[in-house]
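The values are calculated or read from the model by the stated rules, or taken from the named source; none is laboratory data. Just so you know, these numbers come straight off a predicted model, no measurement behind them. Every residue, glycine as well, gets a Cβ built from its backbone with ideal geometry; the counts of neighbours run over all protein chains shown. Protein only, heavy atoms only, side chains kept; ligands, DNA and RNA dropped before computing areas. Shrake-Rupley method; radii C 1.70, N 1.55, O 1.52, S 1.80 Å.
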Amino acid sequence: MRVLLVEDDVSLGEGVCTALRRGAFAVDWVQDGASGLAAARDGGFDLVVLDLGLPHMDGIEAIRRIRAAGNAVPILVLSARERPADRTLGLDVGADDYLGKPFDTAELLARVRALIRRSSGRAQPTLEAGPLRLDPAALTATWHGRGLDLTRREFALLRVLMEQRGRPMARDAIQQHLYGWNEDVASNAVDVHVHQLRRKLEPGAIRTVRGIGYALGDFGLPAP
Ligand code: CA
């Protein structure tokens, strides 16, 4: 899952990036409204976390334009503007949720997970597919009831394949969900993570889909 952060406060931005990465999200961070709008237009994000008071374009205007372009990406507003009118305006121009500063990063992560869950049409907080069970909040996964010892990227890869409910995903798309713009990525990084996951689960747990990429194995997939 990939998050776009639009925040001009450097120390706050660093804190949010760290918290999101610990939550196994890939994060791209820009520091003004115009860059946020441009990045959101390029697409590929599962969620946008956006400050309201931003240089080069106010957050409210950025939300307006994102929605005017028909982009349905979930938007979580972060703002020190405590006046109820600002919250109302943010929500009414198309934001999905609001968190006032200062905030607790645990609450931020819980809201991010809830928004992603809702946008993917799930009510259950955990992901299940046959013998595989994944808890995005606890960052834990089990296979036939046995706890799995996964790296952050392996967890993120499993999560994104489970969100696809067995539909194949291209390597490039998977990679976008695992790494931000500024991270060094080996060209075979996704293949390496898939190899490790197959060792930790079983070889058939992740299918290679010729000409496309990878999909979750063919075991008891959840209803779409
Ligand atoms: Ca600001």
**OP:** Describe numerically, in nm with one decimal, the distance between label points set 7 Å from Cα along Cα→Cβ at VAL209 and at ASP58.
**Re:** 4.4
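Tell me the net charge near ARG111. Cut-off is 12 Å between Cβ atoms, ARG111 excluded, with +1 for each Lys or Arg and -1 for each Asp or Glu. Can you show the working numbers first?
Numbers: positive: ARG113, ARG117, ARG118; negative: ASP96, ASP97, ASP104, GLU107.
Neighbourhood net charge equals -1.
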Original post:
What are the radius of gyration and Dmax of the stretch 63-165, computed over its Cα atoms and given in Å?
Top reply: 16.6, 50
Original post:
Roughly what % antiparallel, to the nearest 5, for the DSSP beta bridges in the chain?
Top reply: 45
Original post:
If the chain between ALA34 and ASP92 were fully stretched, how many nm would it gain, using 0.36 nm times the residue separation less the Cα-Cα distance?
Top reply: 18.8 nm
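Which whole-number value in Å² is the accessible area per residue of the chain, probe 1.4 Å?
Working: 10500 Å² over 224 residues.
Heavy-atom SASA per residue in the chain reads 47 Å².
Could you please state how large a percent of the accessible area of the chain is carbon and sulfur, counting protein chains only and using a 1.4 Å probe?
On the way: 5090 of 10500 Å².
Of all accessible area on the chain, carbon and sulfur atoms account for 49 percent.
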Original post:
DSSP loop chymotrypsin sites (Phe, Trp or Tyr not before Pro) in the stretch 132-191 with at most 16 other Cβ atoms within 10 Å of their Cβ, which ones?
Top reply: TRP181
**OP:** At 7 Å along the Cα-to-beta-carbon direction for both ASP218 and ASP42, put a label point, then send me their distance in nm to one decimal.
**Re:** 3.8
Original post:
Taking the Cβ of LEU139 as the center, what net charge do the other residues with Cβ under 10 Å away carry, scoring Lys and Arg +1 and Asp and Glu -1?
Top reply: +2
**OP:** Could you work out how far apart the two model spin labels at ALA80 and LEU139 are, taking each label as a point 7 Å from the Cα in the direction of the beta carbon, and quote it in nm?
**Re:** 2.9
Original post:
How much length is gained on full extension from SER120 to ARG171, taking 0.36 nm per residue of separation minus their Cα-Cα distance?
Top reply: 16.3 nm
**OP:** Per DSSP H run of n ≥ 4, the term is -39500 (n - 2.57); total these for the chain, divide by its residue number, and report the mean residue ellipticity at 222 nm rounded to 500 deg cm²/dmol.
**Re:** -12000 deg cm²/dmol
**OP:** Please report the base-10 log of the normalised intensity I(q)/I(0) for the stretch 2-119, using a Debye sum with one equal scatterer per alpha carbon and no solvent, at each q in 0.13 (1/Å).
**Re:** -0.41
**OP:** Please report Rg over Rh for the chain, where both radii come from the alpha carbon positions and Rh follows the Kirkwood definition.
**Re:** 0.99
